[in-house]
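I have placed the structure first, in the form of structure tokens, so that the comments after it can refer back to it.
Read-outs throughout are calculated quantities, based only on the coordinates presented, and are distinct from any laboratory measurement. What you are looking at is a predicted structure, and each value in this text was computed from that prediction instead of being measured. For neighbour counting, all protein chains shown are included, and Cβ atoms are generated from backbone atoms with ideal geometry for every residue, glycine included.
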Amino acid sequence: MKISVDVDGVLFDIMILYCKIFNKRYKTDYNKKHVIQWDFFIDWNIEREDAFAIFREIYETPAHVPLTDQNAPQILEKLNKDNKIDIVSARTKKFRPQLEKELSVHGIEKGRHYDKLILVDDTPKDIKLQLKYDIYIDDNPFLADAIKNVKNSTLLLYEQPWNRMVKTCFNIKKVSNWKEIFEYFTQLKDD
Ligand SMILES: [Mg+2]
């Protein structure tokens, strides 16, 4: 099976680091739980450009963004044995070397844990669907909205405060950690 694994919000808990930088800069006291929509910067009274500047700073310096789940690398490796896993991200293309390095710092290596690292634009927000993977592991609520019309693809929505409004359906299943992702694939094999 062809599987697309997202980076931010699925492998890396980027919003933890993002909030730290934001709070320091704007003297606020936000944490990940306060990020209750994709365009959270609207609630936080900040311009889109200023909000994205912080993302770019994080992409640029392979600062140590924490993993969402310590089990992620080990489970990726197992899944990549029976499937073709690509890491697919909308991080800025010019920061590819930094992303490769950061994945490798977390023990996620090309060949062993994944096949290709693919960087896409961040618009349209459902752009990843054009790549036609069987399964998407992602936290993007817009991808969830669009995948309902794609019969042959399934989304494992990685639960985050900004995608709580998404409802499960025939091709959207919610997962809250990497063990649940592994169990999903084990069950697929048994069926
Ligand atoms: Mg993401």
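At a glance:
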| quantity | calculated |
| --- | --- |
| Measure of compaction for the chain (Cα Rg per 2.2 N^0.38 Å) | 1.00 |
| Over the range 14-60 - Rg/Rh using Cα atoms and the Kirkwood inverse-distance radius | 0.90 |
| Cα-projected label distance for K173 with Q187, points at 7 Å along beta-carbon direction, nm | 0.5 nm |
| For a label point 7 Å along the Cα-to-beta-carbon line of K116, residues of the range 71-97 with backbone N under 14 Å | 84-89 |
| Diffusion coefficient, µm² s⁻¹, Stokes-Einstein with Kirkwood Rh over alpha-carbon pairs of the range 86-191 at 4 °C and 1.567 mPa s | 87 µm²/s |
| Span from the the range 50-77 Cα centroid across to the the range 10-38 one, whole angstrom | 12 Å |
| Nonlocal amide H pairs with V120, under 5 Å, H built at 1.01 Å | S89, A90, R91 |
| Filtered GluC sites (Glu not before Pro), the range 35-65: DSSP coil and at most 15 other beta carbons within 10 Å | E47 |
